[in-house]
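The values are calculated or read from the model by the stated rules, or taken from the named source; none is laboratory data. In this text, all values refer to a predicted model and were calculated from it rather than measured experimentally. Virtual Cβ from ideal backbone geometry, glycine too; neighbours counted across all protein chains shown. Ligands, DNA and RNA are stripped out before the accessible areas are found, and what is left, the full protein with its side chains, is counted by its heavy atoms. Shrake-Rupley method; radii C 1.70, N 1.55, O 1.52, S 1.80 Å.
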Amino acid sequence: MEFTEAYKQTGPCCFSPNSRFIAVAVDYRLVIRDTHSFKVVQLFTCLDKISYVEWALDSEYILCGLYKRPMIQAWSLSQPEWTCKIDEGPAGIAYARWSPDSRHILTTSDFQLRLTVWSLLNTACVHVQWPKHASKGVSFTKDGKYAAICTRRDCKDYINLLSCHTWEIMGVFAVDTLDMADIEWSPDDSTIVIWDSLMEYKVLIYSPDGRCLSKYQAYESGLGVKSVSWSPCGQFLAVGSYDQMLRVLNHLTWKPFAEFIHLSTVRGPCFAPLFKEVDEPLQLGMSELCLNDDFMQGNSDAPDGHFRVRYEVMEVPITLPSQKPPAEKPNPKQGIGLMSWSRDSQYICTRNDSMPTALWIWDINRLELAAILVQKDPIRAAVWDPTGTRLVLCTGSSHLYMWTPSGAYCVSNPLPQFNITDLKWNSDGSCLLLKDKESFCCAAVDVLPESSDYSSDD
């Protein structure tokens, strides 16, 4: 892997959907860089510090959320002189997002008073009263023709279906939830999944015309659903819950065909490899020994502390590091908080929040555990390669960690004092964006071969 130099950032950083540009927030400036040369191609100045950045799907426009104002500013890459400013006045703006056609912006006001659709083509705007959430509760079909918006009135949850062409309401129907958490269209746009708040385990499948096709409830009298995710193929629906279980439903009967439990002690028989991150002292020859400034000052961040990191394959039984959440605090750190499908829908990775240093990888075809990665630090992010079966994760250290069906390995970041707290793939899988607290860099990634044997060394 080849790494770029570090560049300053103070907020959001993201690739454009066409992978040609990187948008970086630096205080009140929006810097647009070319992905290949990293030269600045556009520089936009906003009226306040940038809190949020989102590209339009056609990569032509980009919006900046200035939530301290509160205000939205949008810019055009091909017409730098063009600008758009959205201000809701006393209603405020809690969140903003693009519509699939890249020519409308949807904003949600403070206290969820209304959702407004703003057109970039004319001065028309459409209002939807009482949206349920600010940043959640809105889902678009994959073909971009329809939007489903959660609303609540008279202590009842509703789904509003809107046409993304005219923004007229096509239908409204009530749903059987106590406090709807979120919704998501299926990848084939045929159904909508709705799940309740953590106070009640309830997953509902609705057709676009408002018919309830299925209701799934794994248990009662306990904290319920924590995460839900469709597989890219649309045949599986993964549901992670606070009981530390992953349940996978099929799209024909909407019944679970697989249940994966996350136990703190892994016992045999277990045919999945367990990779544990370990430090390995560097063997320095006499010619390599020197006293540099970092060593003289007792700096523990001197080149990897004279250690390198690698994975070691462990034998079962093994006890994974775990923590018991305090009973008196809300939103306990337990249950399946991180969940992500591979591009081919064969694998899904999960993190049980009560074991934050362990990442579980499940094989859906074989209905078994494929691997466990045990890190030294809590896992911050885990993202699949958009073009192949390769998983990349970070833990806030200076290393990247990768897994493929062939094995797991560690990659050292050569930049000094750069700890990777977040990462993103570009859409063609050729580049990774890595974020530190106040800077970012990119790493060029080799195309994943059809069959490869990786070692677990650096």
Cβ pairs under 8 Å, 6+ apart or interchain, first in the range 203-227 and under 19 Å from ASN352 (Cβ atoms), second open to solvent by 70 Å² or more (accessible area, probe 1.4 Å) and not charged (D, E, K, R), ordered by first then second residue, are LEU223/MET199; GLY224/MET199
Among ARG343, ARG308, the single one that is touching a residue at least 24 places away in the same chain (Cβ under 8 Å) and in contact with a Leu (Cβ under 9 Å, 6 or more places away or on another chain) is ARG308
Going through the range 6-60 in order, the residues found to be of a type in the set (Gly, Ala, Ser) and under 22 Å from GLY144 (Cβ atoms) are SER16, SER19, ALA23, ALA56, SER59
Over the range 354-377, the set of residues over 22 Å from LEU400 (Cβ atoms), assigned to a loop (DSSP other than H, G, I, E, B) and of a type outside the set (A, V, I, L, M, F, W, C) is SER354, ASN365, ARG366
Log entry, pairs with first residue in the range 20-40 being without any contact (Cβ under 8 Å) to a residue 60 or more places away in the chain and aromatic (Phe, Trp, Tyr), second being surrounded by 15 or more Cβ atoms within 10 Å (Cβ to Cβ) and not in a loop (DSSP other than H, G, I, E, B), beta carbons closer than 6 Å, six or more apart or on different chains, reads PHE21/ILE32
In the range 29-70, anything β-branched (Val, Ile, Thr) and buried (at least 17 other Cβ atoms within 10 Å of the Cβ) is listed as VAL31, ILE32, THR35, ILE50, VAL53, ILE62
ARG152: in a strand (DSSP E or B) and open to solvent by 30 Å² or more (accessible area, probe 1.4 Å), yes or no?
yes
Taking the range 130-139 and the residues there that are part of a strand (DSSP E or B) and out of contact with any Ser or Thr (no Cβ under 7 Å at 6 or more places or on another chain), the one that is farthest from GLY92 (Cα to Cα) would be SER139
Restricted to the range 95-128 and to residues being assigned to a loop (DSSP other than H, G, I, E, B) and touching a helix residue (DSSP H, G or I) at 6+ places or on another chain (Cβ under 8 Å), the residue surrounded by the most Cβ atoms within 10 Å (Cβ to Cβ) is SER109
Checked the range 225-241 for anything open to solvent by less than 20 Å² (accessible area, probe 1.4 Å) and either outside any strand (DSSP E or B) or on the phi > 0 side of the Ramachandran plot (or both); matches are SER231, GLY234
| message | Criterion first (open to solvent by 10 Å² or more (accessible area, probe 1.4 Å), more than 21 Å from GLN346 (Cα to Cα) and among the charged types (D, E, K, R)) does ASP428 satisfy it? | response | no
Those residues of the range 248-274 that are in contact with a Gly (Cβ under 8 Å, 6 or more places away or on another chain) and open to solvent by less than 50 Å² (accessible area, probe 1.4 Å) come to a total of 1
Within the range 305-332, restricting to residues that are charged (D, E, K, R) and either surrounded by fewer than 15 Cβ atoms within 10 Å (Cβ to Cβ) or modelled with pLDDT of 90 or more (or both), the one that is nearest to ALA381 (Cα to Cα) is ARG310
Of the residues in the range 55-94, those that are assigned to a strand (DSSP E or B) and among the basic types (Lys, Arg) come to LYS85
Scanning the range 242-279 for residues that are outside any strand (DSSP E or B) and either without any contact (Cβ under 8 Å) to a residue 60 or more places away in the chain or at positive phi (or both) gives GLN244, LEU252, THR253, TRP254, LYS255, LEU263, ARG267, GLY268, PRO269
Scanning the range 1-10 for residues that are buried (at least 17 other Cβ atoms within 10 Å of the Cβ) and either assigned to a strand (DSSP E or B) or at pLDDT below 95 (or both) gives PHE3, TYR7
Subset of the range 40-54, residues in a strand (DSSP E or B) and either closer than 23 Å to THR107 by Cβ or modelled with pLDDT under 95 (or both), comes to PHE44, THR45, TYR52, VAL53, GLU54
Going by the structure shown, is CYS290 at pLDDT below 95, assigned to a loop (DSSP other than H, G, I, E, B) and surrounded by 15 or more Cβ atoms within 10 Å (Cβ to Cβ)? no
Of the residues in the range 155-164, those that are in a loop (DSSP other than H, G, I, E, B) and modelled with pLDDT of 95 or more come to CYS164
Scanning the range 174-206 residue by residue, the ones that are part of a strand (DSSP E or B), open to solvent by 10 Å² or more (accessible area, probe 1.4 Å) and touching an Asp or Glu at 6+ places or on another chain (Cβ under 8 Å) total 3
Looking across the range 389-419 at residues that are assigned to a loop (DSSP other than H, G, I, E, B) and open to solvent by less than 10 Å² (accessible area, probe 1.4 Å), the single one that is farthest from GLU368 (Cα to Cα) is PHE418
How many residues of the range 25-39 are more than 17 Å from SER59 (Cβ to Cβ) and assigned to a strand (DSSP E or B)? The answer is 3
